[in-house]
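Colleague: Below you'll find the structure I mean.
All of the numbers you see were taken from the coordinates with simple rules; none came from a lab. Everything quoted here is computed from the prediction, not taken from an experiment. Every residue, glycine as well, gets a Cβ built from its backbone with ideal geometry; the counts of neighbours run over all protein chains shown.
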Amino acid sequence: MVKENKAPDHKEINLKTSALLEAFPFYVMLIDEDHHILMANSAVQSSLGLKSEDILGQYCPLVVHGLNHPIDNCPLEEAVITKQAVEREIKDTSSGHWIRSAVYPIGGSTENGKRIFFHMITDITDRKQAEAQVKTSREQLRKLAQHLESIREEEKTKLAREIHDDLGQLLTAMKMDVSWLAKRLPKTEILLAEKANTVNGLIDDAVQTVQRVSSELRPGILDHVGLEAAIEWQLQELRKRTEIKFEFKPGDKKIRLDQDRATTIFRIFQEALTNVIRHANAGKVKITLDEEPDSIILKISDNGNGITAEQLSDPKAFGLITMRERAYSWGGDIKIESQPGKGTSVSVNIPLITKALNPKTTVK
């Protein structure tokens, strides 16, 4: 049912209140609980192109929005019920502009007992457009970061394959030739035989280096077996080179990921362990990997020195920056909880479906 457009008679406008309203450069009105305008500043008149008599006593939705009923999510409707201040950001369908509509109960009432509310309307279209532009820019940057990361991984994969295949085959051929020569040396050539054995040993070392470098560039196990197996392989390699005790607990069900997300999580895992080894002075590290309904959660906890908020925000902390940017590229987030002397816990959340960007990196 449409309310009457005319309010009951009002007393003469209080001059002090009117002067106060005029101090605001945007829409400011006093309205009663039935949406009738009791008082309005000149900004309302100039913006709407109306005279005072066309505004005062009129039905607010009709004057402001050209409607014979309250707009959807009208803040006054809620404020009348809750008796509390209500603020909303609303898109005006008639003009296409965004407005911030705020209603505050002021405790007074009209002659016929209708409660009075202070109503402010500000045009926030420029801010909304700027936010949309920022969101678009972030989305473009996210896609660019993903593209660049994909290119880097492709280059690493190609380089790893060339090192493993070409250089590996060359070293194998060299070993065969040295062995062939060693077998044909006269028994009296003891020094030459020893030198051949030394060269054979160096070639074996070079082969192992080739395999290690190739795996570090792009572990084949990540592509052929999966993320969990790649993490376990990396831990086995680290156990050979450090005295840190690593414990890995994957989730109950096998995680199936697309190659790009698996690579992102694995690289974050590698970077986190590199930070632990270099800086944490930890004796034990626990890694968990779980799949939730809409995301993959990787958690790495150590019992080392801990990290401070200052260290987290250090512009030279490239390891942390890299981890954050990798997660950010998928709309994910990283949470770091730490206390000096009590270790650090890094929790990485990567959505299974890319979300709108709202990256978070926090420290506790």
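Colleague: Report the Stokes-Einstein translational diffusion coefficient (µm² s⁻¹, integer) for region 83-206, Rh taken as the Kirkwood radius over Cα pairs, at 10 °C with viscosity 1.306 mPa s. Walk me through the numbers before you get to the answer.
Modeller: Values: Rh = 22.7 Å.
Result for D is 70 µm²/s.
Colleague: Here's something else I'd like to know. Compute the helix-to-body angle for 227-241: its Cα long axis versus the longest principal axis of the chain, expressed 0 to 90° and rounded to tens.
Modeller: In the chain, helix 227-241 runs at an angle near 50 degrees to the longest axis.
Colleague: Rg to Rh for region 64-139: what is it, with Cα atoms only and Rh by Kirkwood? Numbers along the way, then the final one.
Modeller: Values: Rg = 15.4 Å, Rh = 14.1 Å.
Computed over Cα atoms, the ratio is 1.09.
Colleague: At R0 = 35 Å, how high is the FRET efficiency between I297 and Q339 if r is their beta carbon distance? Nearest 0.05 is fine.
Modeller: Details: r = 21 Å, r/R0 = 0.61.
FRET efficiency, I297 to Q339: 0.95.
Colleague: Apply the Kirkwood formula to region 15-123: the hydrodynamic radius equals the inverse of the mean of 1/r over all pairs of different alpha-carbon atoms; give it in Å with one decimal. Before the final figure, lay out the partial values.
Modeller: On the way: mean 1/r = 0.0719 Å⁻¹.
After inverting the mean inverse Cα-Cα distance, the result is 13.9 Å.
Colleague: Still on this structure: Given the convex hull of the Cα atoms of the chain, what is a quarter of its surface area in nm²? Kindly include the intermediate steps, with their values, before the conclusion.
Modeller: Details: hull surface 114.9 nm².
Its average projected convex-hull area is 28.7 nm².
Colleague: Please report the base-10 log of the normalised intensity I(q)/I(0) for region 136-218, using a Debye sum with one equal scatterer per alpha carbon and no solvent, at each q in 0.15, 0.18 (1/Å).
Modeller: Debye output, listed in q order: -0.67, -0.79.
Colleague: Right, another one. If R₀ is 25 angstrom, what is the calculated FRET efficiency for the pair A173 and E194, using the beta carbon separation as r and rounding to 0.05?
Modeller: So, using R0 = 25 Å, E works out to roughly 0.65.
Colleague: Here's another thing I want to ask about it. Let me check against my output: what whole-number percent is the relative contact order of region 15-123, with C-alpha pairs under 8 Å and at least 6 apart?
Modeller: Details: 190 pairs, mean separation 27.8, N = 109.
Relative contact order comes out at 26 percent.
Colleague: Against the 2.2 N^0.38 Å scaling, with N counting residues, where does region 222-364 land? I'd like the Cα-based Rg ratio to two decimal places. Could you put the intermediate results ahead of the total?
Modeller: Details: Rg = 14.4 Å, N = 143, 2.2 N^0.38 = 14.5 Å.
Against the compact-globule rule of thumb, the ratio is 1.00.
Colleague: Continuing with this model, one more query. Let me have the 222 nm mean residue ellipticity of the chain computed from DSSP H runs of 4+ only, each contributing -39500 (n - 2.57), with the sum over all residues rounded to the nearest 500.
Modeller: Using -39500 (n - 2.57) per qualifying helix, the result is -14500 deg cm²/dmol.
Colleague: Separate question: On a 0 to 90° scale, report how tilted helix 259-275 is relative to the longest principal axis of the chain, with both axes built from alpha carbons and the result rounded to the nearest 10.
Modeller: Helix 259-275 and the main axis of the chain meet at about 80 degrees.
Colleague: While we're here: In percent, what relative contact order does the chain have, based on Cα pairs under 8 Å that are 6 or more apart in sequence?
Modeller: Numbers: 539 pairs, mean separation 35.1, N = 364.
10 percent.
Colleague: With both bridge residues required to lie in region 222-364, what share of the DSSP beta bridges run antiparallel, to the nearest 5%? Intermediate results must be reported in sequence, preceding the final value.
Modeller: Numbers: 22 of 31 bridges.
Once the DSSP bridges in region 222-364 are tallied, antiparallel ones form about 70 percent.
Colleague: Using modelled amide H (1.01 Å from N, peptide plane; none on Pro or chain starts), what sits under 5 Å from the amide H of K284, excluding residues fewer than 5 places away?
Modeller: When sequence neighbours closer than 5 places are left aside, the close amide H contacts are K245, N303.
Colleague: If you don't mind, there's one more thing I want to ask. As an exercise, use a Förster radius of 22 Å and the Cβ-Cβ distance of A145 and T274 to find the FRET efficiency, rounded to the nearest 0.05. It would help to have the intermediate numbers written out before the result.
Modeller: Numbers: r = 20 Å, r/R0 = 0.92.
E(calc), rounded to 0.05, equals 0.60.
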